[in-house]
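The values are calculated or read from the model by the stated rules, or taken from the named source; none is laboratory data. If you're wondering where the values come from, they're calculated on a predicted model, not measured in any experiment. Heads up, the Cβs are rebuilt from the backbone with ideal geometry, glycines too, and the neighbour counts pull from every protein chain shown. Protein only, heavy atoms only, side chains kept; ligands, DNA and RNA dropped before computing areas. Shrake-Rupley method; radii C 1.70, N 1.55, O 1.52, S 1.80 Å.
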Amino acid sequence: MGQREYLATDRQVEEDRLRAQARLIDPLTRRVLASAGLSRGMRVLDLGSGAGNVARLAVEIVGPDGGVVGVERDPDAVRSAARSAQDAGLSNVEFRQGDVETLAGVDGRFDAVVGRLVLMYLGDPAATLRRAASLLHPGGLVCMHEADFGYLWSSADTPTWQQLKSWIVEALARIDANPRMGPSLFATFRAAGLRDPEMAMEAAVGGGDRAYAAGWANVARSAMPLMERFGIATADEVQLDTLTDRLLAEVHAEQGVVIGPCLYGAWTTV
Ligand SMILES: C[S@@+](CC[C@H](N)C(=O)[O-])C[C@H]1O[C@@H](n2cnc3c(N)ncnc32)[C@H](O)[C@@H]1O
């Protein structure tokens, strides 16, 4: 299977974005992991670990008697996630460079497979889930957290918000990513031969000083090289330096709210 592109090409820009995004969405992922029954002592496989944010959430829950293995294909992300874990004194989390579509070199058995915002980038997410689930002990947990980028990004349905959303959704389409992976999780679990999952959906929302427009502008920053390459938008059109302020001005003018990525959790046991 040919390797698909990722939305971001500059890893440092992407690391910064993922860390900022994590502050917004980590509480949601923590709730999903807890609802799913992740618990102390479990050995966890984190698919598409990126900057290591989900792995760190999982390690908080499983504690010192458990452990987490993150698999990520970008070597810079792997190094940086490993460095952060070391700085935090976490000895029971490790990050391996690898492709979650093959999971080559990932051995041993796990009690849980988790992942956030990764299935949307895969050619055959059901095949990946099936392969990952085959590494679980009987009774093991599969718990995924994916977005619906088709949902509202702001209550202000104004020109800059509409334009930004259409640019990003087009960039995702050009790399064959699924911008509505969240609602597709149910069908994907079934296609993977898993039991029908329990599901939950949540988004962070805020107005005024809590209107997190910078998060959406950061997606454009990460996707900018891709958008230019595919002729979706030029840097002059996007004007990254003023994008957050313009998005905020439109929200504030309507006393509106910004809606963070609408995230679907889905979990089941094998
Ligand atoms: C949006 S980031 C999410 C990172 C992390 N799960 C989080 O929520 O912070 C998606 C990550 O999946 C990785 N990825 C995409 N396709 C992959 C593949 N086939 N194998 C391994 N990692 C992959 C990307 O490199 C990127 O770091």
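Output the residues belonging to the range 14-29 that are under 15 Å from Glu202 (Cα atoms) and acidic (Asp, Glu).
Asp26
Within the range 2-59, count every residue that is on the phi > 0 side of the Ramachandran plot and either touching a helix residue (DSSP H, G or I) at 6+ places or on another chain (Cβ under 6 Å) or free of Cβ contacts under 8 Å to residues at least 24 places away in the same chain (or both).
2
Tell me, which strands (runs of 3 or more DSSP E) lie completely within the range 79-179 with 1 or more residues that are within 15 Å of the ligand (Cβ to nearest atom), touching a residue at least 12 places away in the same chain (Cβ under 8 Å) and surrounded by fewer than 17 Cβ atoms within 10 Å (Cβ to Cβ)?
In the range 79-179, the matching strands (runs of 3 or more DSSP E) lie at 93-97.
In this structure, is Pro197 in contact with a Ser or Thr (Cβ under 8 Å, 6 or more places away or on another chain), farther than 30 Å from Val113 by Cα and open to solvent by 10 Å² or more (accessible area, probe 1.4 Å)?
No; evaluated as a whole, the condition is false for this residue.
Residues are listed down the side, and each one gets a yes or a no for (1) open to solvent by less than 50 Å² (accessible area, probe 1.4 Å); (2) outside any helix (DSSP H, G or I); (3) near the ligand (Cβ under 9 Å from one of its atoms):
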residue: Ala8; (1), (2), (3): yes, yes, yes
residue: Gln21; (1), (2), (3): yes, no, yes
residue: Leu28; (1), (2), (3): yes, no, no
residue: Gly41; (1), (2), (3): yes, yes, no
residue: Ala51; (1), (2), (3): yes, yes, yes
residue: Val54; (1), (2), (3): yes, no, yes
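Could you please find all residues in the range 226-252 being open to solvent by 60 Å² or more (accessible area, probe 1.4 Å) and more than 16 Å from Trp153 (Cα to Cα)?
Glu228, Arg229, Gly231, Thr234, Asp236, Glu237, Gln239, Asp241
Taking the conditions exactly as written (aliphatic (A, V, I, L, M), touching a Lys or Arg at 6+ places or on another chain (Cβ under 9 Å) and open to solvent by 20 Å² or more (accessible area, probe 1.4 Å)), does Ala214 satisfy them or not?
no
In the range 211-254, which residues are under 24 Å from the mean Cα position of the chain (by Cα) and without any contact (Cβ under 8 Å) to a residue 24 or more places away in the chain?
Result: Met224, Glu228, Arg229, Leu240.
Looking at (1) away from the ligand (no atom under 12 Å from the Cβ); (2) surrounded by 14 or more Cβ atoms within 10 Å (Cβ to Cβ); (3) not in a helix (DSSP H, G or I), find the lone condition where Pro64 falls short.
Of (1) away from the ligand (no atom under 12 Å from the Cβ); (2) surrounded by 14 or more Cβ atoms within 10 Å (Cβ to Cβ); (3) not in a helix (DSSP H, G or I), only one is false for Pro64: (2).
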